[in-house]
Amino acid sequence: MTEATEKDGSGGPPESPVEKPKAAHTPAVNLGDADAALELLRETGLATQLDPERNKKLIWRIDLHIMPLICIVYFLQYIDKTAVSYASVTGIIPATGLKGNEFNWVASIFFFGQLAFEFPTIRLLQLFPLAKYVSVNVTLWGMTLACMAACKNYSGLLACRFFLGTLEAAIVPAWVLFTSQWYTKEEQAFRVGIWFSVCGAAQMFGGYFAYGVSKHVGGDPDAVLQGWQVIFLFLGLLTTCVGISFWFIMPSSPAVAGFLTKEEKGLHLQRIRHNEQGIGSQSFKWNQVQEALTDVMTWLYAFWIFAANVPNSIATSFGNILVKGMGYTSQESLLLVTPLGAWEIVALVGLTYGAMKTRQRLYFCILGHIPAIIGAILMATTEKVPALVGYYTTGGIPIGWTTILGLQSSNVAGSTKKITVACIGTISYTVGNIISPHTFQARDAPRYLPAKISICIIYFLITVDLLVMRWVFVRRNQQRDKEKAEKGDSYQVEENHEFFDLTDLQNREFRYEV
C-alpha cells in the first residue's frame, strides 16, 4: 500500500455491496489466456533494475511517441462530430431544407450509430491489433465526414451522421486501453487529462475556423461551395490523412513497439507491474463480461456518464444556438463559444495535475464541478454577460469524464472486463447525447429555460455520484488490507500474477485509486 493511500485511509478495502470475499490465493489461470505481458516477459527476461533516471527517460520516450497522435485523433473526433454545430450557423439548415426539430435529429442520430455498434466494438477491439483497427475507423470516418459536404437533404444528413457514429464508437474504449498499456496508475489520470483537454482546443479552433469560413466564404455570393461544405470537406480530408498515418506510426501494444528496444520493453513491464494488470489479452472471457455487468462500479460510472451528457449539447450541437439566444449574432456566437474551450483546457490540465500529485482524483474532480454548478445557475437565471460567464464555467464538468476514463483505465482490470466497462460507459454517453438535443425544444427558444433548469439538477446529482464512487473504493481497499493482515504469513500470491489477466475483483492484491 502506498504512503499516499495510507494517509487517506483508503488503502485496503471492504468491497462494494456486490463484491463477495474471495480466497487470498491467486485464482487458477489458464496461461494460454493470460495477458500478452506474460509472453513479453518470457521473451525479454528479467530486466535490470529500473532506477528513477532510466524511468524518467523511458516515460519521456513513451510520451514522445504515443501522446501526440493520441491527442491529434481525439482532437479530430471531437471537432468532427461537433462540426454540425458550426454548420448550423453557416448555412446548412436552409441549404438542406431542414424544418422544425429536424436539426435536433441530425445532431442526435450520430449517437444512435455509436449505440448500434458499441457491442460489436467490444469483440473487435480484442480480435484485431488495436492500432490497426483504430486506423481503419479513423480513415473511414474522415471520408464519411467529407461526404457530408455533398448532402442535399435531411435523409442524406441522417445517413452520414449515423455512419459517422458507428465509426467513432471504438475511440473511447481504445483510448482507455492505450492509456492502461503505456502508463502506471499514478501517470494515467494526468495523461487522460491531457488527451481529453484537446476537446477544449478543438472548441477554440473550430470556432475560429468556422468564423473565418463564415466571414470569407459565407460572404461571397460567387463561392463555389457554401461555408458548411468547406467545413466538412476540410475536416474530413484532414482526418482521413491522420487515419492513414495512424496505421504506420502507432504501435498496437508495447510488445510490438518499434521505438523500444528489447531491454526497454522489459523495463516497461517493470514500470507497469504494480498496476496489477498487463498490456492486454486477445482471449475473450464471458466470465469477465458477467463480472462487469454485476459490479456496482460499472453502473456508478455509467450513471455519471449518462447524466452528465444529457446537457452536453450546450458544448456541442447547440452551443452556438444557445449563445445566440443570450442576445448575440450568429457570427458573434462562433467566436464567443471559444472561451469555453480555453476554460476546459485550464480546468482539465490543472485539476488532473493536482490529482496526480496528491493521488486524490475524485476530490479534485468534485472541486471542478462546483464552479460548473454555479455557472448552470447563472445560465438559468441571467442573460447576456452573466449568462455567458456561466456558460464558460460549465466547461469544468468534463473533469468528471476524464476522471472516469482514468478510473476505467487504472481501476478496472481484466482485458475483457475493461473493454466491457468502457463500452457500457460509451453506451451511456450515446444515450445521454441522444436525449441531449431534445431537451432544447424549439418552443422554448431563445432562452431554453426548462433545459437550463434540468442542467442545474443534473450537475448536483453527478457530484453526489462521485462521492459514492469514492466511498466504494475506500471500503474495497480497507477490506483487502484487513484480509491480508488477518492471514499473515499464510497470505501468498503466485509469481507474475499481475500478468494473468485477472480482474480487479479476482486479484486480491489489486488496490483502487481514489
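The values are calculated or read from the model by the stated rules, or taken from the named source; none is laboratory data. The model shown is predicted, which means the values in this text are computed figures rather than measured ones. Reconstructed Cβ throughout: ideal geometry from the backbone, glycine too, with neighbour counts over all protein chains shown. Surface accessibility is based on the protein's heavy atoms, side chains included, excluding ligands, DNA and RNA. Shrake-Rupley method; radii C 1.70, N 1.55, O 1.52, S 1.80 Å.
Each Lys or Arg adds one and each Asp or Glu subtracts one; over the other residues with Cβ under 14 Å from the Cβ of Ile427, this totals -2. Converting phi to 3J(HN,Hα) with the Karplus coefficients 6.51, -1.76 and 1.60 and the offset θ = phi - 60°, region 287-299 yields 5, 6, 4, 4, 5, 4, 6, 9, 7, 4, 5, 3, 7 Hz in sequence order, with x at every glycine or proline.
For the Cα trace of the chain, dividing Rg by the Kirkwood Rh returns an Rg/Rh value of 0.99. In the chain, Cα pairs under 8 Å separated by at least six residues give a relative contact order of 30 percent. Taken as Cα centroids, region 190-245 and region 286-359 sit 20 Å apart, rounded to the nearest whole angstrom. For a test of the definition: using alpha carbon positions, the gyration tensor, and the 1.5 limit on a/c, classify region 415-514 as rounded, prolate or oblate. Here region 415-514 falls in the oblate category. For the set Leu130, Leu233, the ranking by accessible area, highest first and with no ligand, DNA or RNA atoms included, is Leu233, Leu130 under a 1.4 Å probe.
Rounded to the nearest 10 degrees, the inclination of helix 171-182 to the longest alpha-carbon principal axis of the chain is 30 degrees.
Counting only protein heavy atoms and using a 1.4 Å probe, the accessible area of Arg447 comes to about 70 Å². Sequence-distant contacts, meaning Cα pairs under 8 Å at least 6 residues apart, place the relative contact order of region 255-371 at 10 percent.
Across the protein chains, with a 1.4 Å probe defining accessible surface, the residues Asp501, Asp444, Asp489 rank Asp489, Asp444, Asp501 from largest area downward. Taking θ as phi - 60° and the Karplus parameters 6.51, -1.76 and 1.60, the scalar couplings of region 102-116 work out to 4, 4, 4, 6, 4, 5, 8, 4, 3, 6, 5, x, 4, 4, 5 Hz in sequence order, x denoting glycine and proline.
The residue among Thr463, Ile434, Ala445 whose Cα reaches farthest toward the positive pole of the charge dipole of region 383-480, with charges on the beta-carbon of Lys, Arg, Asp and Glu, is Thr463.
Accessible surface ranking for Arg359, Arg161, Arg475, 1.4 angstrom probe, highest first: Arg475, Arg359, Arg161. Could you provide, to the nearest whole Å², the per residue accessible area of region 399-464 with probe 1.4 Å? Per residue, region 399-464 has an accessible area of 26 Å². Per residue, the solvent-accessible area of region 237-311 (1.4 Å probe, heavy atoms of protein chains only, all protein chains present) comes to 41 Å². At a Förster distance of 25 Å, what's the computed FRET efficiency of Glu383 paired with Leu335, Cβ-Cβ distance as r, to 0.05? So, using R0 = 25 Å, E works out to roughly 0.85. Seen against the Cα atoms of the chain and their longest principal axis, helix 130-147 is set at about 0 degrees. Rounding to the nearest 10 and keeping the result within 0 to 90°, find how far the Cα-based axis of helix 338-358 lies from the longest principal axis of the chain. The helix 338-358 is inclined about 10 degrees to the chain. Entry note, the chain: the mean residue ellipticity at 222 nm calculated from DSSP H runs of n ≥ 4, each adding -39500 (n - 2.57), is -23000 deg cm²/dmol after division by the residues and rounding to the nearest 500. Quick one: pull the percent of accessible area on region 239-379 belonging to carbon and sulfur, 1.4 Å probe, ligands and nucleic acids left out. With neighbouring chains kept in place, the figure for region 239-379 is 70 percent.
Per-residue surface analysis assigns Phe460 an accessible area of about 120 Å², computed on protein heavy atoms at 1.4 Å probe radius. A simple rule links phi to the HN-Hα coupling: the Karplus curve 6.51 cos²θ - 1.76 cosθ + 1.60 with θ = phi - 60°, which for region 505-514 gives 7, 6, 8, 6, 8, 6, 10, 8, 6, 10 Hz, with x for Gly and Pro.
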